[in-house]
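The values are calculated or read from the model by the stated rules, or taken from the named source; none is laboratory data. None of the values given here were measured: they were computed from a predicted structure. Areas reflect the complete protein model, heavy atoms only, side chains present, ligands, DNA and RNA absent. Shrake-Rupley method; radii C 1.70, N 1.55, O 1.52, S 1.80 Å.
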Amino acid sequence: PRLALTKATELLDSSVFRHTQQGSFVLNVSCPVVPDNLFEKPFARQTTHTLYESLHMMVQAIESDTEEVLVQSLLSTSEPRISSNVCDAIVQMHDVNVGNSVDISFRWSSVIERPTSHALVSLVQIQHDYFRKIEQIGVQLRSNEPPVRGAFVGTVEALNGAIGPLQRREGEIILSLLIDGGPPVRARVSVDDEWYEIADKVHMHPGMFVKVIGELHQGRQPRTLANITGFELVDWSAQ
């Protein structure tokens with residue numbers, strides 16, 4: 001439920017875009033391969049290798065028509081190599097109207113030994129008709145992920161409620177939750193008129209936040225925040 005994002009954030013901050021190349025659209029990203037210590041492979045190498053294995057496994061399963069076997073093997077292991085987040089990220093590279101394909105190549109630095117049996121350049125080709133199946137894999141993986149129960153603090157991004165029976169607004173609001181120092185997570189929640197009034201006040205006043213106690217479900221953003229047992233205003237501007 002709680003991930004340590006320090007290394008991931010450092011990797012993103014230290015990665016750089018390189019020169020583009022001729023082609024439909026070619027984006028080069030360079031990640032530093034600096035050993036964290038003498039006994040482990042650098043985090044950047046571990047991350048890149050995991051990404052390559054994830055993509056390679058998905059493409060192999062699609063081409064052999066064994067997606068169900070892949071999903072079941074991932075759900076049955078304590079350390080799956082593919083997550084629903086990876087699937088979502090790949091699907092976002094696809095434009096339905098364009099019908100594009102995506103080639104992802106990995107060039108391994110010679111600073112440290114490259115992964116066993118890998119050539120200098122490893123290539124994964126994702127054909128345009130693979131994206132729908134990758135999306136389905138992500139949906140199946142996500143359905144097995146339990147919601148996270150806890151207290152969440154954030155701002156109110158949007159008010160989508162309507163006038164209720166008591167002539168007061170109630171219904172859906174969109175929150176931007178601050179979680180573990182990572183990027184904000186958008187979530188939707190349905191509230192009664194009393195909590196909606198609190199949300200409206202937070203939405204209109206910078207420096208105010210809302211604290212929600214409930215279950216944050218996994219999935220694409222905005223995620224669902226349900227089974228709410230607490231909803232209160234937090235005014236940090238007065239501190």
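List of remarks:
- Stretching M204 away from L159 to a fully extended chain increases their span by 15.1 nm, per 0.36 nm per residue minus the current alpha-carbon distance.
- Net lengthening on full extension, N97/S15 (0.36 nm per residue, minus Cα-Cα): 26.4 nm
- Relative contact order of region 191-239: 39 percent, from C-alpha pairs under 8 Å at least 6 residues apart in sequence.
- Lysines with Cα under 21 Å of K41, excluding same-chain neighbours fewer than 8 positions away: K7
- Helix-derived mean residue ellipticity, 222 nm - over the chain, DSSP H n ≥ 4, -39500 (n - 2.57), to 500: -9000 deg cm²/dmol
- Amide hydrogen proximity for T224: with H placed 1.01 Å from N in the peptide plane, the residues at 5 or more positions away or on another chain lying under 5 Å are R188, H217.
- Cα-only radius of gyration and Dmax that characterise region 1-96, units Å: 15.9, 46
- The residues of region 88-127 present an accessible area of 67 Å² per residue when probed at 1.4 Å with all protein chains retained.
- For the chain, a Gaussian network of Cα nodes joined below 10 Å ranks A199, A61, A119 by mean-square fluctuation, and the top entry is A119.
- Percent accessible area from carbon and sulfur atoms, the chain, protein chains only, probe 1.4 Å: 52 percent
- ³J(HN,Hα), Karplus 6.51/-1.76/1.60, whole Hz, each residue of region 88-103, x for Gly, Pro: 4, 4, 5, 4, 5, 7, 9, 10, 4, 5, 7, x, 7, 9, 9, 9
- For the residues R220, R186, R107, a GNM of the chain with alpha-carbon springs under 10 Å puts the largest fluctuation on R107.
- Net lengthening on full extension, L27/I112 (0.36 nm per residue, minus Cα-Cα): 28.2 nm
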